[in-house]
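Asks: Take this structure, written in structure tokens, and hold onto it; I'll ask about it next.
The values are calculated or read from the model by the stated rules, or taken from the named source; none is laboratory data. No experiment lies behind these values; they were computed from the predicted model shown. All Cβ positions, glycine included, derive from the backbone under ideal geometry; neighbour counts span all protein chains shown. The area values use the complete protein model at the heavy-atom level, side chains included, leaving out ligands, DNA and RNA. Shrake-Rupley method; radii C 1.70, N 1.55, O 1.52, S 1.80 Å.
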Amino acid sequence: IGSTSFHCVQVRIGLDFGNLRQVDSIELPHSESVCSVSAIAVAKSGLVAVLEEKARKLYIYNHSKELISQFTAHCDSEIEGEQYQLCSVQMIFDNVHNLLIANEYQRNILRYNLNGNKLPTIAIPAKESFLSGVTMVTNGDMYIAFSFPSSIMKYSKEGADWEHFFSCNDLPCVGDNVFDPKDLVFGQLAAGSDGFIYIAARHCIVVLDPVSKSLVRWIGIRETQKGVIRRIKSIFVSGDGYVFVSDYPRCSVHILRTDGSYVNMIDGRRFGDKEIFIHPAAVAVDFYGFILVTDYKSGKIVIF
């Protein structure tokens, strides 16, 4: 990696998830005394974007993890001398490498190109709920998650319009499922290479088929052989069929298959004989198969 631009830990992903290996550690540039590395996005081209929330700084890295761009994100309707706080619940690249930031405070999607130029904001019509996640599927359609009450809206690229897509009230209780659908709290979203949408719902994952608007499966991961998952903070689905979730209270990242079978856990407090992260705010897998975890308060990208 060679660059000293940002801090990360890299662990090569392979078929043997029980033999993860730390590769490197590099520090994210920041000027704030209190860090808030809240979101990370990866592109198929190898680009990686990182958001430092409180400073509202965006850092863009190329496939060699060299810093190629950095700029400040501006919220809409800011007046001179006053700045609106940015509360990013999730950040993704769209299909043409623009960055999309789901901004919970203003209930909108901020858009930037790689040069830092602000693109037209996408306003979200639903004002009665809390914005919690965003994802995009291969045809360019965008899905937005809300919590309290939990629901999904779809933004059609062709129609440039919103439609109600799904609600927790549409979910049936399946088999021995111990979760009451009406009690679920939707969080981040992730689009899988299988065409399904994966929704983090605190202690479980809801898998939906966007074509039929139907439930595919539950992934109930409250109990694992490694212990109890307290709360899923972020979710990412890799192209080779693995699901990665960060458990913020337990300082850990869990790896599962898309069929729900449990694979392994990375304990940030006790990785080998040392602590490598304690506040995993977001998780992703880059083009080369490294796990990336943002450590919110330490100012690190912890790439696993």
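Asks: Could you sort the peptides 244-252, 137-145 by per-residue average Cβ neighbour count (10 Å cutoff), highest mean leading?
Replies: Highest mean packing first, the order is 244-252, 137-145.
Asks: Right, something else. Highest mean first, what order results for 38-48, 256-266 on Cβ atoms within 10 Å?
Replies: 38-48, 256-266
Asks: Filter the cross-link list Lys157/Lys300; Lys154/Lys300; Lys65/Lys213; Lys57/Lys213; Lys154/Lys233; Lys157/Lys297 down to pairs whose alpha-carbon distance in this structure exceeds 29 Å.
Replies: Lys157/Lys300; Lys154/Lys300; Lys65/Lys213; Lys57/Lys213; Lys157/Lys297
Asks: A further question on this structure: Quick one: how many Å² of Asp209 are accessible to a 1.4 Å probe, rounded to 10?
Replies: My reading of the accessible area for Asp209 is about 40 Å².
Asks: Quick check: pseudo-label points 7 Å beyond the Cα along Cα→Cβ at Arg231 and Arg257, how many nm apart are they?
Replies: 3.1 nm
Asks: Once you have the Cα-Cα distance between Arg269 and Ala123, take 0.36 nm times their residue separation minus that, and quote the gain in nm to one decimal.
Replies: Stretched out fully, the Arg269 to Ala123 stretch lengthens by 48.6 nm.
Asks: Suppose each label sits 7 Å from its Cα in the direction of the beta carbon; what would the His74-Asn169 distance come out to in nanometres?
Replies: The two pseudo-label positions are separated by 4.1 nm.
Asks: A further question follows. Run the quick spin-label model on Asp161 and Ser45: label points 7 Å from Cα toward the beta carbon, then report their separation in nm to one decimal.
Replies: In this crude label model, Asp161 to Ser45 measures out at 3.2 nm.
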